[in-house]
1. When residues of the stretch 201-215 are filtered for being touching a helix residue (DSSP H, G or I) at 6+ places or on another chain (Cβ under 8 Å) and surrounded by 20 or more Cβ atoms within 10 Å (Cβ to Cβ), how many remain?
2. Within the stretch 133-164, which residues are within 14 Å of residue 97 (Cα to Cα), touching a residue at least 60 places away in the same chain (Cβ under 8 Å) and over 15 Å from the mean Cα position of the chain (by Cα)?
3. Condition first: in a loop (DSSP other than H, G, I, E, B), near the ligand (Cβ under 9 Å from one of its atoms) and farther than 24 Å from residue 44 by Cα. Now tell me which residues in the stretch 95-143 satisfy that.
4. Residue check: is residue 159 part of a helix (DSSP H, G or I), closer than 23 Å to residue 197 by Cα and either modelled with pLDDT of 95 or more or more than 12 Å from the ligand (Cβ to nearest atom) (or both)?
5. Inspect all residues belonging to the stretch 77-85 and state whether any of them is part of a loop (DSSP other than H, G, I, E, B), surrounded by 20 or more Cβ atoms within 10 Å (Cβ to Cβ) and near the ligand (Cβ under 9 Å from one of its atoms).
6. Out of the stretch 22-74, which residues are surrounded by fewer than 15 Cβ atoms within 10 Å (Cβ to Cβ) and touching a helix residue (DSSP H, G or I) at 6+ places or on another chain (Cβ under 6 Å)?
7. For residue 91, only one of the following conditions fails: (1) more than 15 Å from the chain's Cα centre (by Cα); (2) away from the ligand (no atom under 16 Å from the Cβ). What is its number?
8. Would it be correct to say that residue 92 is touching a strand residue (DSSP E or B) at 6+ places or on another chain (Cβ under 9 Å) and surrounded by fewer than 23 Cβ atoms within 10 Å (Cβ to Cβ)?
Ligand SMILES: C[S@@+](CC[C@H](N)C(=O)[O-])C[C@H]1O[C@@H](n2cnc3c(N)ncnc32)[C@H](O)[C@@H]1O
């Protein structure tokens with residue numbers, strides 16, 4: 001009887017250990033370059049998502065600037081957030097992505113979970129005009145990609161929290177230039193920013209503004 005109990009105990013411990021190894025290796029697999037590259041390659045992008053080229057540009061900007069605290073305004077299903085999230089994971093930083101649509105926020109969170117980025121990227125549900133003021137601390141990276149007419153409003157809410165040396169990126173600045181004229185005039189003429197308009201991808205025949213906050 002004693003021997004039988006001991007055997008059951010050994011089997012249980014072995015099973016728990018084996019299960020633990022499976023869970024651990026599953027978690028590790030989600031974070032592997034191979035898995036993430038495939039996930040990004042097969043991502044079901046919609047017209048809302050950033051292009052592959054723009055998303056890679058964002059990741060490179062995060063990594064090359066060594067950004068530690070970022071904000072994305074407008075998450076959609078999380079294509080940009082995943083790409084920037086990989087960059088923030090490498091810099092040891094964190095990204096907050098803000099989304100007004102509850103369904104998109106859920107899809108974004110699910111996608112982040114699938115690639116093991118849920119601890120690096122936080123999706124905050126709600127109107128960015130209301131959630132931006134609730135974000136505490138300083139930020140060194142911003143990607144604005146929600147309502148085009150409101151880019152200036154988003155920037156003005158973020159600006160008091162921007163560190164000198166911060167990078168601010170605006171999406172769709174060529175095709176929606178008229179809708180965001182106040183934003184473009186400001187970042188291109190303010191003595192506090194160096195700004196360039198780039199086209200990292202031909203996919204949407206559009207472009208991004210990249211601004212460096214000098215002071
Ligand atoms: C162009 S998509 C974002 C694409 C995403 N940045 C990407 O890289 O895949 C714009 C998103 O902004 C969201 N949005 C619109 N107004 C918003 C607001 N006031 N606050 C937060 N999100 C908003 C929309 O629901 C939509 O999902």
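1. Summing the residues that are touching a helix residue (DSSP H, G or I) at 6+ places or on another chain (Cβ under 8 Å) and surrounded by 20 or more Cβ atoms within 10 Å (Cβ to Cβ) in the stretch 201-215 gives 4.
2. 135, 154, 158
3. Residues of the stretch 95-143 in a loop (DSSP other than H, G, I, E, B): 100-101, 115-120, 126-127, 135-138.
With the extra rule that they be near the ligand (Cβ under 9 Å from one of its atoms), the set shrinks to 100-101, 126-127.
Selection gives 127 alone.
4. yes
5. yes
6. 29, 66
7. Going through the list (1) more than 15 Å from the chain's Cα centre (by Cα); (2) away from the ligand (no atom under 16 Å from the Cβ), residue 91 breaks only (1).
8. Details: touching a strand residue (DSSP E or B) at 6+ places or on another chain (Cβ under 9 Å): no; surrounded by fewer than 23 Cβ atoms within 10 Å (Cβ to Cβ): yes.
Answer is no for this residue.
The values are calculated or read from the model by the stated rules, or taken from the named source; none is laboratory data. This is a predicted model, so every value here is computed, not measured. Cβ sites come from the backbone with ideal geometry, for glycine too, and all protein chains shown count toward neighbours.
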